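Each remark here refers to the structure printed beneath this line.
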Amino acid sequence: MRFDAGVATDIGRVREGNEDSFLSEHPLYAVADGMGGHRGGEVASQLALDTLGTLFREGRGTLAEQVREANRVVFERSAGDRKVAGMGTTLTAALIEGDSAHLVHVGDSRAYLLRAGSLRQVTQDHTLVARMVKLGEITPGEAEVHPHRNVLTRVLGTEPDMEPDEEDLGLLEGDRLLLCSDGLTSMVTEDQIQAIMETTPRAQEVAEKLVRTANRAGGLDNITVLVLDALPDEGGGSGPLRSTDVAPRTIRRDEPTWDRRRLVRWGVSVAVFLVALVAGFAAMRTWLDGRWYVGVANGHVAVYQGIPAEVLGFELSHVDVETDISADEAMALPLYSGLADGINATSREDALGIVDQIEEDLRKQDRLGQETVP
Ligand code: MN
């Protein structure tokens, strides 16, 4: 059996920092969701996983012992540093040993197993509502919307001693293990999670897709997702376990949430403005195309489509017909003195009629001139 891991973490759409942490170092995988004001949450989850990682690499004790030691380290830091007093963290860890996963868990992050088309939560939440459900006081549905659903009954780092849950999980080829913070499970239903896990080929893709789905659902909390696939050995050999760690992907972790929102709002405004602008131009074009006047082009009387004006350097008309009638001669007739400013017409035919009239009046004028000349 070999393993393929994928991991993604995101600040979400509302929080100002990411207090989740993860560890993906085959054969040890973990997620932690920190809590506590003034960066306390970030410090707690990171310190817990750093401690766990260090103890594991040094080979000191069992996984549960390493988690209990991490609890002590976080608790002592919290007691000795007023800035992070009272901080704590959830921690859900899976250690792969041969064909099984050893799970150690405290808090309300979760581990799920997808096997043969069914998704099962393999950790129990250490929350007030989970306890109330267990006692039959409320239903699981009521727990999901309970005002105190975030109250934890067990946390790493808030007491000098803490006893985590432990469970051994035998793995089969094709199993898909999910570790996640409540930023996923509070936003995305188990049915949706299962559908994505079943239809997405690679572990890394699953992790990123689940984070995106939680964000699309509102992203009210930090979201961390770690996916681990148990795969058949290549060629069926029994070689040493291959580490298939992927580079941890952080999605938009450092980007301030508000900037992203402002950017989206700005983008929408620009799009609306451009649409209005294009619609406005189209409407104006149609209107202008229905306007006609008689004016002057290259010293000649001409028929124009549009209006005799310009906006920001754009002429709002163009020459339709340029005649060979002299504009100066036409303007010498009192009736057409306003030619330079444009003589409005109701249609193209009307404009051409005005041109004919000018021509006729000029001819009359010529005849008169010839008659008066002796
Ligand atoms: Mn959380």
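Given a Förster distance of 45 angstrom, what is the FRET efficiency for Glu359 paired with Ala282, based on the Cβ-Cβ distance and rounded to 0.05? Mind showing how you got there, number by number?
Numbers: r = 36 Å, r/R0 = 0.81.
So the FRET efficiency works out to roughly 0.80.
Under 13 Å of direct C-alpha separation, and excluding same-chain neighbours fewer than eight residues apart, Lys83 reaches these aspartates and glutamates: Glu42.
Count Lys and Arg as plus one, Asp and Glu as minus one, and take only other residues whose Cβ is under 12 Å from that of Ser347; the net charge is then -2. Rolling a 1.4 Å probe across all protein chains gives Ser326 an accessible area of roughly 40 Å².
Shape analysis of the chain places it in the prolate category; the axes a ≥ b ≥ c from the Cα gyration tensor give an a/c of at least 1.5, with a/b above b/c. Applying a DSSP loop filter and a limit of 10 other Cβ atoms within 10 Å to the GluC sites (Glu not before Pro) in segment 1-65 leaves Glu16, Glu58.
In the chain, if the dipole is taken from +1 on Lys/Arg beta carbons and -1 on Asp/Glu beta carbons about the Cα centre, which of Gly98, Ala70, Pro232 is farthest to the positive end? It is Ala70, whose Cα lies furthest towards the positive end.
May I ask you to list the lysines whose Cα is less than 28 Å away from that of Lys209, ignoring any residue fewer than eight positions away on the same chain? Filter leaves no residues.
Take the Cα of Glu173, go 7 Å toward its beta carbon, and the backbone nitrogen atoms of segment 87-103 under 20 Å from that spot belong to 96-101. Between Leu368 and Thr346, the FRET efficiency estimated from the beta carbon spacing at R0 = 30 angstrom works out to 0.50. Once you have a ≥ b ≥ c as the square roots of the Cα gyration tensor eigenvalues for segment 66-181, tell me rounded if a/c is under 1.5, and otherwise prolate or oblate according to whether a/b is larger than b/c. Verdict is oblate for segment 66-181.
On a full-extension model of 0.36 nm per residue, what is the gain between Ala297 and Leu333, subtracting their alpha-carbon distance, rounded to one decimal in nm? Could the numbers behind the result be given before it?
On the way: separation 36, 0.36 × 36 = 12.96 nm, distance 1.78 nm.
Separation in residues times 0.36 nm, less the Cα-Cα distance, equals 11.2 nm.
A straight chain from Val319 to Thr153 at 0.36 nm per residue would run longer than the Cα-Cα distance by 51.5 nm. The shape of segment 8-132 comes out oblate: with a ≥ b ≥ c from the C-alpha gyration tensor, a/c is at least 1.5 while a/b does not beat b/c. Label point of Glu144 set 7 angstrom out along Cα-Cβ; within segment 158-181, no amide nitrogen lies under 16 Å from it.
Of all accessible surface on segment 1-128 at a 1.4 Å probe, what whole percent is carbon and sulfur? Show your work: numbers first, answer last.
Numbers: 2150 of 4770 Å².
Reported share for carbon and sulfur atoms: 45 percent.
Take the Cα of Leu231, step 7 Å toward its Cβ, do the same at Leu128, and the gap between the two points is 4.5 nm.
The fraction of Cα-Cα pairs per 10 angstrom bin, counted from 0 for segment 172-232, comes to 24, 57, 16, 2 percent, rounded to whole percents.
Think of a 1.4 Å ball rolled over the protein heavy atoms: segment 104-209 then has 50 Å² of accessible area per residue.
Among the trypsin sites (Lys or Arg not before Pro) in segment 201-233, those placed in a DSSP loop whose Cβ has at most 15 other Cβ atoms within 10 Å are Arg202. Accessible surface for Phe273 stands near 120 Å², nearest 10, in the context of the full protein assembly shown (1.4 Å probe). Accessible area per residue (1.4 Å probe, heavy atoms of protein chains only) ranks Tyr304, Tyr29 as Tyr304, Tyr29, with the largest value leading. For the chain, complete DSSP H runs whose alpha carbons reach 18 Å or more along their own long axis and whose mean Kyte-Doolittle score is -0.5 or higher are 40-57, 63-80, 257-289.
Mean separation of Cα pairs under 8 Å and 6 or more residues apart, divided by the residue count, gives the chain a relative contact order of 19 percent.
Taking all protein chains together and a 1.4 Å probe, the residues Lys83, Lys364 rank Lys83, Lys364 from largest to smallest accessible area.
What is the extension gain from Phe273 to Ala195, computed as 0.36 nm multiplied by their sequence separation minus the C-alpha to C-alpha distance, in nm to one decimal?
Details: separation 78, 0.36 × 78 = 28.08 nm, distance 3.91 nm.
Here the answer is 24.2 nm.
The values are calculated or read from the model by the stated rules, or taken from the named source; none is laboratory data. From a predicted model like this one, the values you see are computed outputs, not experimental measurements. Cβ sites come from the backbone with ideal geometry, for glycine too, and all protein chains shown count toward neighbours. Heads up: the accessible areas ignore ligands, DNA and RNA and are worked out on the full protein's heavy atoms, side chains in. Shrake-Rupley method; radii C 1.70, N 1.55, O 1.52, S 1.80 Å.
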